[in-house]
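Please read the structure below before turning to the comments.
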Amino acid sequence: MVLGSRRARARARARARASLISYEAVNERILKARLYTKQAKIPIIVAYAPNEDAEGDVKDSFYEIVMNDTDGVPRHDLKLVIGDVKAKVGSNIGPWRRVLGHHGIEI
């Protein structure tokens with residue numbers, strides 16, 4: 001391993017650590033983090049949605065938490081919601097074909 005690359009990685013880790021304002025594991029399906037950048041603060045929600053066959057109140061609670069967390073973000077901040085939200089809308093997927101394949105449902 002080249003010493004210079006080790007130093008570069010250490011600097012990158014230190015910068016990443018310094019940009020993390022906060023993080024919180026909301027529950028087993030949702031993680032929130034807030035990053036500071038030169039341009040904006042970036043709240044990130046990493047979410048793993050319940051399956052379609054989960055109880056209705058479990059799904060409702062999940063989406064309510066995600067919506068409340070995104071609604072509370074200041075308008076000038078960039079919002080990122082990342083994860084597996086199991087969203088499939090329509091079979092006419094157009095430009096999303098490479099991402100979704102043929103997994104949309106007819107509506």
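Derivation of every value follows stated rules applied to the coordinates shown; laboratory data play no part. If you're wondering where the values come from, they're calculated on a predicted model, not measured in any experiment. Here Cβ is always computed from backbone atoms with ideal geometry, including for glycine, and neighbour counts include all displayed protein chains.
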Out of contact with any helix residue (DSSP H, G or I) (no Cβ under 9 Å at 6 or more places or on another chain), surrounded by 10 or more Cβ atoms within 10 Å (Cβ to Cβ) and without any contact (Cβ under 8 Å) to a residue 12 or more places away in the chain - does that describe any residue in the range 37-51? no
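Results for (1) over 13 Å from the mean Cα position of the chain (by Cα); (2) closer than 21 Å to residue 73 by Cβ, shown as yes or no for each residue.
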| position | (1), (2) |
| --- | --- |
| 5 | yes, no |
| 13 | yes, no |
| 21 | yes, yes |
| 36 | yes, yes |
| 42 | no, yes |
| 46 | no, yes |
| 51 | yes, no |
| 56 | yes, no |
Among (1) over 21 Å from residue 83 (Cβ atoms); (2) assigned to a strand (DSSP E or B), residue 43 falls short only on (1)
Within the range 62-78, of all residues that are of a type outside the set (Asp, Glu) and surrounded by 15 or more Cβ atoms within 10 Å (Cβ to Cβ), the one farthest from residue 19 (Cα to Cα) is 62
